[in-house]
Amino acid sequence: MDKREHFGGRMAVIMAMAGSAIGLGNIWRFPYMAGQNGGAAFILIYIVCSFVLSLPIFLSEAVIGRRSHSNAIGAMKVLSPKTKWRLLGYLSVITPMIIVSYYTIVGGWSVEYFLHSFSLNFGSFVPTGWTVLAFSTVFLALSCIIVALGVKSGIERFSKISIPLLFVLIVVIVVYSVNMPGASKGVDYLLKPDFSKVTGRTFAYALGQSFYSLSLGMGIIITYSSYIRKEENLVVSGMGTAVADLMFAMLAGFAIIPAVFSAGIEPGAGPGLIFETLPFVFSNMGASHHWIGVMISALFFLTVIIAAMTSSISLIEVGVAYLVEEKHFKRGWASLCVFLFTWILGLVSVFSNEAFGIIDAFSSNILLTIGAFIAVLFVGWKMDKEEIRDEITSGGKVNGKVFGLLYFLIRYVAPLAVLTIFVTNFIL
Ligand code: PHE
């Protein structure tokens with residue numbers, strides 16, 4: 001009998017996966033990318049990329065995880081022992097460990113800015129140094145504690161509370177933001193379709209963004225899916241995750257961009273948007289009504305903290321699952337080891353902003369694309385078709401009709417698409 005833990009049910013699976021998916025990608029990259037690349041035209045392309053290309057990759061990773069019922073490295077040992085495909089397992093554990101090391105720094109900045117919200121005195125943004133180390137250590141420790149509590153009592157419980165809460169928080173901010181004077185310019189920025197901005201590059205951007213946003217290529221979907229019960233419908237879990245992720249990205253856009261335009265500035269992306277532009281906007285709000293500025297700012301940074309934390313725990317779980325299952329660590333010890341390892345690795349980014357940028361670009365553009373590529377190749381070309389059918393259709397009970405299409409996408413379309421963005425990223 002299988003001793004491993006499982007997620008409680010369909011909602012638990014979707015909440016945990018959406019927790020991983022909804023993160024900084026939705027908050028600081030999507031709105032700007034949409035605004036700069038044709039508004040509604042970009043969003044349309046993004047949706048097509050998500051469902052036609054990213055979803056098949058998501059399902060490939062889900063098949064690997066649930067078929068093997070193992071952590072990412074164990075999965076490859078079970079499905080293809082002693083072959084070069086093991087590389088996928090190793091890569092799928094290494095990439096998330098690298099990502100946690102800098103992702104939790106952003107978590108630390110958010111905690112710091114949440115506290116600054118109460119005085120609306122943000123000072124200038126200092127991305128490195130001892131204060132950053134202190135706050136990011138707190139953030140990393142909290143994330144590791146949640147993981148240490150277990151799949152059900154830690155990750156599942158935290159996600160089931162946080163995801164609904166995130167949606168409530170962001171909706172409150174949206175309602176306030178779109179009602180600010182001059183906000184309609186922001187809505188135009190996000191939505192006004194401009195097909196003249198659509199080029200080959202737009203597709204590469206949209207696909208890359210949807211990969212990152214769905215947490216593909218980093219062992220997360222493999223690991224989380226290994227906790228999904230056999231009778232759960234993987235396609236529904238994938239669709240649910242993609243829809244929640246897209247909804248949150250759109251809401252984040254409507255929360256941030258109109259407020260920025262209302263303050264008379266142009267939005268940017270990345271740390272500058274959240275930790276420089278928005279604090280300015282919040283202080284402006286507070287100039288006339290102090291408590292409104294405080295409230296919106298605090299709610300916003302709370303949203304960022306929670307969104308970043310549900311993503312961090314998914315990254316940490318990849319390493320913890322590996323240590324528990326392959327190295328027979330107790331869960332608490334495994335979490336402590338991941339804490340120490342990523343904390344030390346993170347020191348580079350805590351003290352050097354250039355290192356932060358390089359590590360981010362390398363892991364989120366290169367490593368995860370390679371991971372996703374190998375995962376679809378493995379499922380499309382190495383695994384037995386009947387095994388995949390068995391997983392996707394949950395033993396023949398569901399999705400019988402769409403299996404053919406999905407298999408075609410996994411085998412031919414997705415690998416070519418990933419290869420294309422990879423090459424495009426290098427050439428352009
Ligand atoms: N999906 C996450 C986001 O949009 C990406 C991510 C997940 C990054 C987990 C790191 C860790 O921010």
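I need the full set of residues from segment 210-242 which are part of a loop (DSSP other than H, G, I, E, B), among the aliphatic types (A, V, I, L, M) and modelled with pLDDT of 95 or more, in order please.
Matches in segment 210-242: LEU214, LEU216, ILE228.
Among the residues of segment 293-319, which ones are within 20 Å of the chain's Cα centre (by Cα) and away from the ligand (no atom under 14 Å from the Cβ)?
PHE300, PHE301, LEU302
Given the criterion polar (S, T, N, Q) and within 16 Å of the ligand (Cβ to nearest atom), identify the matching residue among ASN365, ASN399, ASN425, ASN353.
That would be ASN365, the only listed residue that is polar (S, T, N, Q) and within 16 Å of the ligand (Cβ to nearest atom).
Just checking, which of PRO96, PRO56 is under 22 Å from ARG157 (Cβ atoms) and crowded, with 21+ Cβ neighbours inside 10 Å?
Among PRO96, PRO56, only PRO96 is under 22 Å from ARG157 (Cβ atoms) and crowded, with 21+ Cβ neighbours inside 10 Å.
Before we move on, is LEU216 crowded, with 22+ Cβ neighbours inside 10 Å and of a type in the set (A, V, I, L, M)?
Against the criterion (crowded, with 22+ Cβ neighbours inside 10 Å and of a type in the set (A, V, I, L, M)), LEU216 qualifies.
Kindly indicate whether any position in segment 120-127 is of a type in the set (S, T, N, Q), within 30 Å of GLU5 (Cβ to Cβ) and touching a Ser or Thr at 6+ places or on another chain (Cβ under 9 Å).
No.
Pick out, from segment 307-413, the helices (runs of 4 or more DSSP H) lying fully within it that include 2 or more residues that are among the hydroxyl-bearing types (Ser, Thr, Tyr).
Counting at least 2 such residues, we get 331-351.
Which residues, counting only those in segment 23-54, are in contact with a Ser or Thr (Cβ under 8 Å, 6 or more places away or on another chain), more than 16 Å from the ligand (Cβ to nearest atom) and not in a helix (DSSP H, G or I)?
Scanning segment 23-54 gives ASN37, GLY38.
Would you please name the residue that is farthest from the ligand (Cβ to nearest atom), looking only at residues in segment 107-116 that are crowded, with 23+ Cβ neighbours inside 10 Å and among the aromatic types (Phe, Trp, Tyr)?
Once the filter is applied, the top-ranked residue is TYR113.
Looking at (1) away from the ligand (no atom under 16 Å from the Cβ); (2) of a type in the set (A, V, I, L, M); (3) crowded, with 22+ Cβ neighbours inside 10 Å, which is the one condition that is false for ILE221?
Among (1) away from the ligand (no atom under 16 Å from the Cβ); (2) of a type in the set (A, V, I, L, M); (3) crowded, with 22+ Cβ neighbours inside 10 Å, ILE221 violates only (1).
Report, by residue number, each residue of segment 77-106 that is within 14 Å of the ligand (Cβ to nearest atom) and either β-branched (Val, Ile, Thr) or without any contact (Cβ under 8 Å) to a residue 40 or more places away in the chain (or both).
Residues satisfying the conditions are VAL93, ILE94, THR95, ILE98, ILE99, VAL100, THR104, ILE105, VAL106.
Between VAL151, VAL178, which is surrounded by fewer than 19 Cβ atoms within 10 Å (Cβ to Cβ) and farther than 30 Å from ALA417 by Cβ?
Being surrounded by fewer than 19 Cβ atoms within 10 Å (Cβ to Cβ) and farther than 30 Å from ALA417 by Cβ holds for just one of VAL151, VAL178, which is VAL178.
Using the structure shown, decide if LEU120 is among the aliphatic types (A, V, I, L, M), surrounded by 17 or more Cβ atoms within 10 Å (Cβ to Cβ) and not in a helix (DSSP H, G or I).
For LEU120, the condition - among the aliphatic types (A, V, I, L, M), surrounded by 17 or more Cβ atoms within 10 Å (Cβ to Cβ) and not in a helix (DSSP H, G or I) - is met.
Specify which of the listed residues (SER101, SER54) is of a type in the set (S, T, N, Q), within 30 Å of PHE195 (Cβ to Cβ) and modelled with pLDDT of 95 or more.
Sole residue among the options that is of a type in the set (S, T, N, Q), within 30 Å of PHE195 (Cβ to Cβ) and modelled with pLDDT of 95 or more: SER54.
Can you tell me which of (1) crowded, with 21+ Cβ neighbours inside 10 Å; (2) modelled with pLDDT under 95 is the one ASP245 doesn't meet?
ASP245 satisfies all of (1) crowded, with 21+ Cβ neighbours inside 10 Å; (2) modelled with pLDDT under 95 except (2).
The values are calculated or read from the model by the stated rules, or taken from the named source; none is laboratory data. What you see is a predicted model; the values in this text were computed from it and never measured. Note: ideal-geometry Cβ built from the backbone for every residue, glycine included; neighbour counts use all protein chains shown.
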